[in-house]
Amino acid sequence: MRKETADTGAGIRVCDHPDCALGGEHRAPKSPQSLRDYYWFCLNHVREYNAAWNFCAGMSQDEVDSAIRNDVVWDRPTWPLGMMGARDLNASRGFDDPLGVFSAGAEAAERYRREQAQKQAMRGPDGKHYRLLQLKPPVSLTALKARYKELAKRLHPDLNGGDKDAEERLKEINAAYAALKKVAIPNS
């Protein structure tokens with residue numbers, strides 16, 4: 001039989017656990033649906049209650065995921081950036097930019113992106129090949145062929161009197177050309 005929580009005349013609550021007469025100093029929510037309605041327990045019984053407490057009991061995985069997402073934003077409504085009346089400040093959409101202030105920023109950003117991609121390609125597995133051919137990525141197939149022909153003519157064994165160093169360098173150039181031909185930008 002459940003006893004009612006009583007406030008003694010001295011202002012001390014009695015533990016809500018049956019058969020316990022200790023002071024109920026620690027509160028614990030009654031259920032996940034009523035988190036502001038509390039039981040009042042003594043220290044030992046609040047520890048027992050908390051050990052058995054499972055906020056997600058009876059919830060599906062989708063409900064648990066939804067609760068987690070809502071807790072991340074303090075249960076406030078959210079929306080993707082740029083929605084709900086926000087304006088896109090891209091110069092190509094929405095307003096006139098006669099001095100090119102915003103488009104210049106876009107051009108600088110594009111130039112920076114290209115430079116970073118070029119540096120990344122030079123550090124990648126084909127970087128050695130670009131350095132051998134003295135090219136900077138990205139390279140078109142036409143530019144690659146022109147550079148290869150120039151180096152092949154210069155290092156050909158017939159023109160170098162059988163020089164072994166030139167022959168070895170030509171082999172490296174051939175391997176680099178074969179590798180870069182696969183990643184070169186095709187001609188339009």
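The set of residues from segment 110-133 being within 18 Å of residue 152 (Cα to Cα) and in contact with a Lys or Arg (Cβ under 7 Å, 6 or more places away or on another chain) comprises 130, 133.
On inspection, residue 141 qualifies as open to solvent by 30 Å² or more (accessible area, probe 1.4 Å), touching a residue at least 12 places away in the same chain (Cβ under 8 Å) and within 15 Å of residue 182 (Cβ to Cβ). For segment 36-50, a tally of residues being open to solvent by 80 Å² or more (accessible area, probe 1.4 Å) and over 22 Å from residue 21 (Cβ atoms) returns 1. Number of residues in segment 8-50 that are over 30 Å from residue 71 (Cβ atoms), touching a Leu at 6+ places or on another chain (Cβ under 8 Å) and part of a strand (DSSP E or B) equals 1.
The values are calculated or read from the model by the stated rules, or taken from the named source; none is laboratory data. A quick note: this is a predicted structure, and the numbers were derived from the prediction, not measured. Reconstructed Cβ throughout: ideal geometry from the backbone, glycine too, with neighbour counts over all protein chains shown. For accessibility, only protein heavy atoms count, side chains too; no ligands or nucleic acids. Shrake-Rupley method; radii C 1.70, N 1.55, O 1.52, S 1.80 Å.
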